[in-house]
1. Under the 0.36 nm per residue contour assumption, what length would be gained going from the current alpha-carbon distance of Met279 and Glu372 to full extension?
2. Which whole-Hz couplings ³J(HN,Hα) result when phi for each residue of the range 55-64 is put into the Karplus expression 6.51 cos²θ - 1.76 cosθ + 1.60, θ = phi - 60°, listed in order with x for Gly and Pro?
3. What is the antiparallel percent of DSSP beta bridges lying wholly in the chain, to the nearest 5?
4. Within the range 216-241, what residues put their amide N at less than 18 Å from the label point 7 Å along the Cα-to-Cβ vector of Ala253?
5. Points 7 angstrom from Cα along the Cβ direction at Val107 and His149: gap in nanometres?
6. In whole angstrom, how far apart do the alpha carbon centroids of the range 193-234 and the range 75-150 sit?
7. So how much slack lies between Asp127 and Glu77, counting 0.36 nm per residue of separation and subtracting their Cα-Cα distance, in nm?
8. Let me have the 222 nm mean residue ellipticity of the chain computed from DSSP H runs of 4+ only, each contributing -39500 (n - 2.57), with the sum over all residues rounded to the nearest 500.
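Nothing in this text is a laboratory measurement; each read-out follows from the coordinates by a stated rule. None of the values given here were measured: they were computed from a predicted structure. Counting neighbours? That spans all protein chains shown, and the Cβs are built from the backbone with ideal geometry, glycine included.
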Amino acid sequence: MKRRTYLRTAGVGAAGLLAGCSAEPTGDDTASPTDGSTDTPAGTTTGTPEGTPTLRVGTYTSFIDAPSTSPGAWVKEQFEAEHDATIEWFAPEGGIDYFLQRRNQGVTVDTDLYAGLTPENMVRADDNLQDGDSLFDAVDTGNISNADHIIEEYQFDPQGRALPMGAAYISLVYNQNMLDERGVGAPETFEDLTTDDYSDALLIPNPQNSETGLEFMFWTINEYGEDGYLDYWQRLLDNGARILEGWGAAYGAYSEGEAPMVVSYSTDQVFADMSDADMAEHQIGFLNGEGYAYLEAMARFSDTDKPDLAESFMSFMLRPEIQAEVAQRNVALPAVDNAELPQKFDDLTPEPETVVSFDYDRLSGNVDGWLEEWSRQVATQ
């Protein structure tokens, strides 16, 4: 697969990426557990044979149980075939907030590593950890095989705790057949979405419950500034845009033809090709020629009692052949530059002219405040 070209950066940080439908948690991955319990909560847990050491890996639900395709079961099988260890996947309903809550309550995290950590996850954990310590510890990349092939633009943690494992572009996915019925082409700018041509036409995952929706919100902040993004969201709502609970709900409604456009991922055609779907229903739109960078990483919890096994897992996940297979199963771009993917995969993954992304420093101290502002004005309507 060709290396992506980084044409021009926008916002504070930048990276060129791709991802697909499987990369997004389908449930409420940013909400805290609702029962306040310090016991193991409701969530997805897989694998625990006895007699071998168990590495408990936190992740999001669709990584192990996606409605389309997911790499979790394959990763578990391959790792266990090579190591005297068992992988136990754990996808708590509260996502990273579940682990943060446990640490703040003085309860063991009881998980060794997290796979699928985003920059905003890291920032929110750092901003809200009460003891001033870190939820994760730094990793010596000298102990991690193939770490020198990690694409530099995918690095987002200045403290070296997160190792990139995959990437994505947030974009529009649109149904050209439905737009043809309206007699309009695809929207080209953010402002187009507020015009009569696209009234009642857009589905957006709720930023409170969805990384896709949250990063679309960041994208609008980059476009309109902190003083103007809420006004833009109001104009979207006034034009009939609908905010749904999460990515799964939004993409499901789009698939049912409830609207001709949804905020999703630019590798949607890879997913569509798997199911022989009509490609006219899976077109990609980059507003202003941009795509927002979605980054995922692995990070080791600082209180794990299996640091070496966690490093072995990181090394395994960064091997080029593993990266290539996970990228296809997760419909995402690998994090290393030496993973070889089929030409067809590359043909089905368009890239934006400009990559937009907020780096750690831009997000630090702001994520919760932006969400609270958004909630007060938008979510209450």
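1. On the way: separation 93, 0.36 × 93 = 33.48 nm, distance 3.77 nm.
Full extension from Met279 to Glu372 adds 29.7 nm.
2. 9, 8, 10, x, 6, 9, 4, 6, 5, 10
3. 65 percent
4. Backbone N within reach: 216-217, 233-241.
5. In this crude label model, Val107 to His149 measures out at 4.1 nm.
6. Result: 30 Å between the Cα centres.
7. So the chain would gain 14.4 nm between Asp127 and Glu77.
8. Calculated from helices alone, the mean residue ellipticity at 222 nm is -9000 deg cm²/dmol.
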